[in-house]
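Inspection log for the structure reproduced underneath, given as structure tokens.
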Amino acid sequence: MSNNRYFITTLFFIYSFSLLSQEVHKIDLGGKWQFRKAGTHEWMIAKVPGCVHTDLMRNNLIPDPFMGDNEKKVQWVSDIGWEYEKTFTISDTLFRSQHIELVCEGLDTYANVYLNDSLVIVADNMFREWGANIEPFLRAGINTLRIQFPSPTIENKARYGRLKHKLPGDEKVVCRKAEYQFGWDWGPTLITSGIWKPIYIRCWNHLNLMDVQYIQKGLTDSIADLTAVFTFISSVSDSASIQLTLKDKILTTKTIYAQRGMNAARVDFQIKKPKRWWPNGLGDPYLYPIHHQFYFIGKLAYEGTQKIGLRTVNLCEDMDSIGDSFRFVVNGVSVFMKGANYIPQDNFLTRVTDSSYRALITSVKEANMNMLRVWGGGIYEKDLFYDLCDENGILVWQDFMFACALYPENRDFIRNVQAEAVQNVIRLRNHPCIALWCGNNEIDEGWNNWGWQKQYGYTRQDSAEVWNNYRGIFGRTLVSVISHFDSLRPYIPSSPLVGWGRPGATKHGDMHYWGVWWGKEPFSTFEKKTGRFMSEYGFQGFPSMTSIKKFTLPADRELGSVVMKAHQKHPVGYETIDEYLLRDYNRPKDFQSYVYISQLLQAEGIKIAIEAHRRAKPYCMGTLYWQLNDCWPVVSWSSRDYYGRKKALHYFVQNEYSSILVSPVITNGKLQVFVVSDSVEDCNLDLNIRLRDFDGRIYFDTTQNIEITHNSSEIYVESQVDKLLQGKDPKQMVFTTQLTFGNKTLSRNNFYFKPVKDLQLGKPVITKTVTKTFEGYLITLTTDRLAKNVYLNTEQSGNFSSNFFDLLPGETRMVNFTTRDKSPGFEEKLKILTVADTFN
């Protein structure tokens, strides 16, 4: 079978947008099902979409794996096969349809689908949509749909045992299943099975419109030239008419002739004086709602709306005098990418609500991010995720789902991967947010730097065969899919191409830097080891005490407890945090203080990294820290914990990713004040710098108006540290910098000359007033002396507009707390913690 024919066949079960249709009728088969252990007779209630773990919890047959150390108590679930069953009734009128198909949008992962005891689908890929013609097996009246899910661990073991070469990543590499389910250094081992996406019967007669692709052929200030490609199957040959409209204005109408079988109709159209789609911070992410109507055999067969964004995105990997650049150019502008790496939001994917997606992307936008990297060990996200990124100007670096492993060489596996890639590229390609396709996470680096060949005992011939298969997937199969279905977007085979421990890592392409954390190098190393695009780096921090209380009992809330160990997946995670913490902080007096200080440690460390990366522009043109979120409650690298609560890092990032950043740093005995601008326009701002002690006495205070060049990083103040301090005790001094435009503060940054443990911090007296507002409460704070890293905390659900900030004497800080919980006693329940409160 040729590639083209294979691609077309794969298209058959694709829907990339919602349609209002006269031709297609869907019968939803979700909702109430029943399930049982394979080989037993006792059925239990199940909910579809869902998974076996959530169904077992719903039936009180297993404890919540996220609570305490329950994870280890449920490992048996993946070693057993499971069966799901539903009975449903079909009327005689359904058989008037010429085509009746079963569509399974997501089966996790090995699945045998029976309709009335006839096998209709055999599935082995969680990331694919599966379907079959079921007309011969369906009957009027009562029908039974049964799906067998063999044990994924047993099936993986059998398939792995048949491989010619044992492969890094071990048994999980043989199945197309979210790899993080098998455990990671931030996630549990919870290997699920089930119907995790919608399942339904689809009926149609003369026409099945499968996909509409919008291709941008040209874009100028005056005109956008576009083509809409309609892919459809027709059961008859006849004329058809396609009409495109924009806000009730007809863009074009075209008459075509549909042949029996597969068709692809191209409709050209234009948009005059187009508005461009811009990333967050650079402009409006404008979306055009293009409405299409498809008339066939004299009647309206389909209509639907697709929102499209008009923009250009190029990845420039130019050779220069230093190495190879890695920068994104959007609408002709070199854009410094600011963001994070994203993982699935839950180990049990169907528990993630639409409101959770909205809250997450809102927090991303509010943190001034413009890019998320969808990491290759998770899933291709649901449509809503990409819709929200479109709407909020968040570009997406999209990995294919391969991470830190090598994969089988057999033909069936390659075809499975090819079908998976085709389906997901087609589903996502209309989204303006998609900026890059990346083949995999760290596999090239693993092959070259992690000793896999020695670990698995490969001969020279073995290595050649295994590496050739790697190149087959990431250098041929995925390249072919992209060139066929989304040729206007860039593709890279792996991230990174040069690992952090190898020469040239800082000079070529994107970089994952783990000398900090894995290498236990000091945070200051971030200032020396900056690459061309920092696509991974990070440091761990605890979730908040409020979150910890949700998965622990009081006796568990100490570092050495069994439960806290169960919620730290890095083998030396606690030891690493502790070592770094004692470099910069005094030993916290209790567990709650340790939790708080760990968040500050994480935030301050990543702050050093982000500012170093931004100061280094245009040498460095992107920074994506690891990681944005969690899939369960855990001590990890995330800036938002599993429950959606912001850690100190997430609050810090909002300032660190501001469009214009003031950044002081000491280099070779000189204190330099950088101003970094990501704006597309020049501007004039006031830069204020002050030297003051912790009691509020000011020794140096000056303001100058400065002209800031667009898209730049420049030094505006430079002074020898000794000259600046003029004999003052550096343990009692803070150097403050602030950029303002009129009365509006655009960026502020405080610089301390010594580690926090050496600062002479007295306990401040903080005065607070709380005022009710329409959205919650306004908190006004003042202090008599420096209050280092003020942490506001309450058990009420809600969101503080800022937190973990330094409050200086003489300043007034106002913080909004947004909440729907208007229960009395908020002011009394509001707790305030500072660094000075955490040691004896």
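The values are calculated or read from the model by the stated rules, or taken from the named source; none is laboratory data. This structure is a prediction, so every number in the text was calculated from the model and none was measured. Please note: Cβ atoms are built from the backbone with ideal geometry, for glycine as well, and neighbour counts cover all protein chains shown. For accessibility, only protein heavy atoms count, side chains too; no ligands or nucleic acids. Shrake-Rupley method; radii C 1.70, N 1.55, O 1.52, S 1.80 Å.
Descriptive notes on the structure:
- Scan of segment 291-342 for residues that are of a type in the set (Lys, Arg) and either in contact with a strand residue (DSSP E or B) (Cβ under 7 Å, 6 or more places away or on another chain) or outside any strand (DSSP E or B) (or both), ordered by number: 307, 311, 327, 338
- Here residue 284 meets the list (1) loosely packed, with under 14 Cβ neighbours inside 10 Å; (2) farther than 25 Å from residue 366 by Cα almost entirely, failing just condition (2).
- Segment 405-428: number of residues that are among the basic types (Lys, Arg) and either assigned to a loop (DSSP other than H, G, I, E, B) or modelled with pLDDT of 95 or more (or both): 2
- Output for segment 95-110, where each listed residue is of a type outside the set (Gly, Ala, Ser) and closer than 14 Å to residue 136 by Cβ: 95, 98, 99, 100, 101, 102
- Residue among 373, 358 that alone is more than 22 Å from residue 425 (Cβ to Cβ) and outside any loop (DSSP other than H, G, I, E, B): 358
- Considering segment 716-803, the qualifying strands (runs of 3 or more DSSP E), each wholly inside and each with 3 or more residues that are open to solvent by less than 40 Å² (accessible area, probe 1.4 Å), run over 733-741, 744-752, 776-783, 787-793.
- Close pairs from segment 391-404: first at pLDDT 95 or above, partner assigned to a loop (DSSP other than H, G, I, E, B) and among the β-branched types (Val, Ile, Thr), Cβ under 7 Å, at least 6 apart: 401/379
- Residue selected from segment 203-232 under the condition modelled with pLDDT of 95 or more and among the aliphatic types (A, V, I, L, M), by the criterion nearest to residue 26 (Cα to Cα): 212
- Residues that are among the hydroxyl-bearing types (Ser, Thr, Tyr), free of Cβ contacts under 8 Å to residues at least 60 places away in the same chain and closer than 13 Å to residue 302 by Cβ within segment 227-274 comprise just one, 241.
- Flag if residue 834 is open to solvent by less than 20 Å² (accessible area, probe 1.4 Å), under 24 Å from residue 643 (Cα atoms) and without any contact (Cβ under 8 Å) to a residue 60 or more places away in the chain: no
- Hey, residue 441 of a type outside the set (Gly, Ala, Ser) and in contact with a Cys (Cβ under 8 Å, 6 or more places away or on another chain) or not: yes
- Whichever residue in segment 679-713 is open to solvent by less than 70 Å² (accessible area, probe 1.4 Å), out of contact with any helix residue (DSSP H, G or I) (no Cβ under 8 Å at 6 or more places or on another chain) and not in a strand (DSSP E or B) and, among such residues, is farthest from residue 724 (Cα to Cα): 680
- Positions within segment 447-468 being part of a helix (DSSP H, G or I), touching a Leu at 6+ places or on another chain (Cβ under 8 Å) and not aliphatic (A, V, I, L, M), in sequence order: 447, 452
- Residues within segment 165-191 that are open to solvent by 10 Å² or more (accessible area, probe 1.4 Å), under 30 Å from residue 461 (Cβ atoms) and among the charged types (D, E, K, R), tallied: 4
- All positions within segment 472-491 that are open to solvent by 40 Å² or more (accessible area, probe 1.4 Å), within 13 Å of residue 422 (Cα to Cα) and not hydrophobic (A, V, I, L, M, F, W, C): 483, 484, 487
- Hits in segment 224-264 - residues which are over 26 Å from residue 310 (Cβ atoms) and either among the aromatic types (Phe, Trp, Tyr) or not in a strand (DSSP E or B) (or both): 235, 236, 237, 257, 259, 260
- Checked across segment 531-545, the condition of being in a helix (DSSP H, G or I), under 25 Å from residue 639 (Cβ atoms), of a type in the set (A, V, I, L, M, F, W, C) and touching a helix residue (DSSP H, G or I) at 6+ places or on another chain (Cβ under 8 Å) holds for at least one residue.
- Scanning segment 472-506 for residues that are of a type in the set (D, E, K, R) and more than 22 Å from residue 264 (Cβ to Cβ) returns 476, 502.
- Only strands (runs of 3 or more DSSP E) whose full extent lies in segment 1-109 are considered here, and none of them has at least 1 residues that are in contact with a His (Cβ under 8 Å, 6 or more places away or on another chain) and modelled with pLDDT under 95.
- Residue, nearest to residue 194 (Cα to Cα), within segment 44-64, restricted to residues that are of a type in the set (Val, Ile, Thr) and touching a residue at least 60 places away in the same chain (Cβ under 8 Å): 52
Conditions tested, residue by residue: (1) over 14 Å from residue 495 (Cβ atoms); (2) of a type outside the set (D, E, K, R).
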{"site": "359", "(1), (2)": "yes, yes"}
{"site": "365", "(1), (2)": "yes, no"}
{"site": "368", "(1), (2)": "yes, yes"}
{"site": "382", "(1), (2)": "yes, no"}
{"site": "394", "(1), (2)": "yes, yes"}
{"site": "398", "(1), (2)": "no, yes"}
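- Here residue 80 fulfils each of the conditions (1) touching a helix residue (DSSP H, G or I) at 6+ places or on another chain (Cβ under 8 Å); (2) β-branched (Val, Ile, Thr); (3) surrounded by fewer than 21 Cβ atoms within 10 Å (Cβ to Cβ); (4) touching a residue at least 24 places away in the same chain (Cβ under 8 Å) apart from (1).
- Some residue of segment 192-201 being surrounded by fewer than 20 Cβ atoms within 10 Å (Cβ to Cβ), assigned to a strand (DSSP E or B) and in contact (Cβ under 8 Å) with a residue 12 or more places away in the chain: yes
- Cβ-Cβ under 8 Å pairs, at least 6 apart or on other chains, segment 341-363 side open to solvent by 60 Å² or more (accessible area, probe 1.4 Å), far side assigned to a helix (DSSP H, G or I): 351/54; 354/384; 358/388; 362/392
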